[in-house]
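Here the structure is laid out as structure tokens; the discussion comes afterwards.
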Amino acid sequence: MSASEPIVQRVLLTNDDGINAPGLAVLEAVAAELAHEVWVIAPEHDQSGTSHSISLHSPLRVSRQGERRYGVQGTPGDCVVMAVRHIMKDAPPALVLSGINRGANLGVETMFSGTVGAAITGLLLGLPSIALSQTFSDHDNVRWDTARALAPGVIRQLLAISHDAPTCLNVNFPDCDASAAGPLTVTRQGVGLVEGIDVVTHTDPRGMDYHWLRFQRSARPNSPDSETAVVGSGRVSCTPLHFDRTDERTFATLEAGLRQGI
């Protein structure tokens, strides 16, 4: 098979930045090289920070916005469920691609990411799923060209490697020109850059307080094989993620303590 031939019949695209986000437009162009059919089912509005939440206590409304293109008034997780179990139920996708996110999803931040959350939801539904994010240092000049150039080859590489483990893949592109980017590198999640969450309070024109939540980010110790270190060195990172978040060291400590009658 040549590098220009489609590798899947049907692919589902979603994101957390919203159906009109520039990163999703980039992903549509990428997916057009990889699949015979590209379906877009994405949130109507920005859903960043919603992780893999799904809406259990409110109805979901869907609007058709073109051929094989739908907006959902819900989370990225909602979009994946609506796609696989409702809109595309008679011909489900062979692959879920989520992104391309505006900004990296590294370390602890992946726990909050709607981009990664959509891929996790795809995994729950038994589908191979990849989350993709483009790192930036200048919010007004995101290097979308880097993701556009590198993503097709990266996705082809990852799908060519057979594995039967229940994982989704978290991919981050570095903040550099595609020509300067290093190779695709398998990474560990690590701690990333987030060290806390702030509450920022302002007062509106009527004298009422309102609040914004904001991540605190700073340089933190990350191992050389972490996604943060790898992306920071100019390479493309790929971290396999799964559901079991059990901390084995604490498990052993608690188990030993209970055996001792503590």
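The values are calculated or read from the model by the stated rules, or taken from the named source; none is laboratory data. Only a predicted model underlies this, so the values are computations on that prediction, with no experimental measurement involved. As a convention, Cβ positions derive from the backbone with ideal geometry for all residues, glycine included, and neighbour counts pool all protein chains shown.
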(request) Determine whether Ser179 is in contact with a helix residue (DSSP H, G or I) (Cβ under 9 Å, 6 or more places away or on another chain), assigned to a strand (DSSP E or B) and over 25 Å from Pro221 (Cα atoms). (result) no
(message) I want to confirm something. Restricting to the stretch 125-146 and keeping residues that are more than 13 Å from Ser237 (Cβ to Cβ) and in contact with a Gly (Cβ under 9 Å, 6 or more places away or on another chain), which single residue is surrounded by the fewest Cβ atoms within 10 Å (Cβ to Cβ)?
(response) His139
(request) Return only the number of the condition from (1) in contact with a strand residue (DSSP E or B) (Cβ under 8 Å, 6 or more places away or on another chain); (2) of a type in the set (Lys, Arg); (3) in contact (Cβ under 8 Å) with a residue 24 or more places away in the chain that Arg156 does not satisfy. (result) (1)
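Which is under 20 Å from the mean Cα position of the chain (by Cα) and farther than 28 Å from Ala35 by Cβ, of Leu184, Leu193? Before the answer, list the steps.
Numbers: Leu184 fails: farther than 28 Å from Ala35 by Cβ.
Checking each option against the conditions leaves just Leu193.
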(message) Residues to consider are Ala219, Ala256, Ala252; find the one that is in a loop (DSSP other than H, G, I, E, B), of a type in the set (Gly, Ala, Ser) and surrounded by fewer than 13 Cβ atoms within 10 Å (Cβ to Cβ).
(response) Ala219
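When you scan the stretch 186-216, how many residues do you find that are among the basic types (Lys, Arg) and exposed (fewer than 10 other Cβ atoms within 10 Å of the Cβ)?
First pass over the stretch 186-216, keeping only residues among the basic types (Lys, Arg): 188, 206, 214.
Still in the running and exposed (fewer than 10 other Cβ atoms within 10 Å of the Cβ): 206.
The number of residues fulfilling the criteria is 1.
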(request) Have a look at Ile87, Ile41, Ile54 and point out the one that is modelled with pLDDT of 95 or more and either within 29 Å of Glu227 (Cβ to Cβ) or under 18 Å from the mean Cα position of the chain (by Cα) (or both). (result) Ile41
(message) Going through Ala131, Ala151, Ala119 one at a time, which residue ends up being touching a residue at least 40 places away in the same chain (Cβ under 8 Å), under 17 Å from Thr50 (Cα atoms) and in a helix (DSSP H, G or I)?
(response) Ala119
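Quick one: in the stretch 166-176, of everything that is part of a loop (DSSP other than H, G, I, E, B) and at pLDDT 95 or above, which residue is farthest from Met111 (Cα to Cα)? Full working, then the answer.
Going through the stretch 166-176, the residues part of a loop (DSSP other than H, G, I, E, B) turn out to be 166-167, 174-176.
Checking the rest, the ones that are also at pLDDT 95 or above come to 174-176.
Numbers: Pro174: 20, Asp175: 22, Cys176: 25 Å.
It comes out as Cys176.
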(request) For Arg64, work out the one condition from (1) surrounded by fewer than 16 Cβ atoms within 10 Å (Cβ to Cβ); (2) more than 30 Å from Ser233 (Cα to Cα); (3) out of contact with any Phe, Trp or Tyr (no Cβ under 8 Å at 6 or more places or on another chain) it doesn't fulfil. (result) (3)
(request) All but one of (1) over 21 Å from Ile155 (Cα atoms); (2) surrounded by 19 or more Cβ atoms within 10 Å (Cβ to Cβ) hold for Ala21, so report the exception by its number. (result) (1)
(request) From (1) in contact with a helix residue (DSSP H, G or I) (Cβ under 8 Å, 6 or more places away or on another chain); (2) over 19 Å from Gly232 (Cβ atoms); (3) touching a residue at least 40 places away in the same chain (Cβ under 8 Å), pick out the condition that doesn't hold for Ala91. (result) (1)
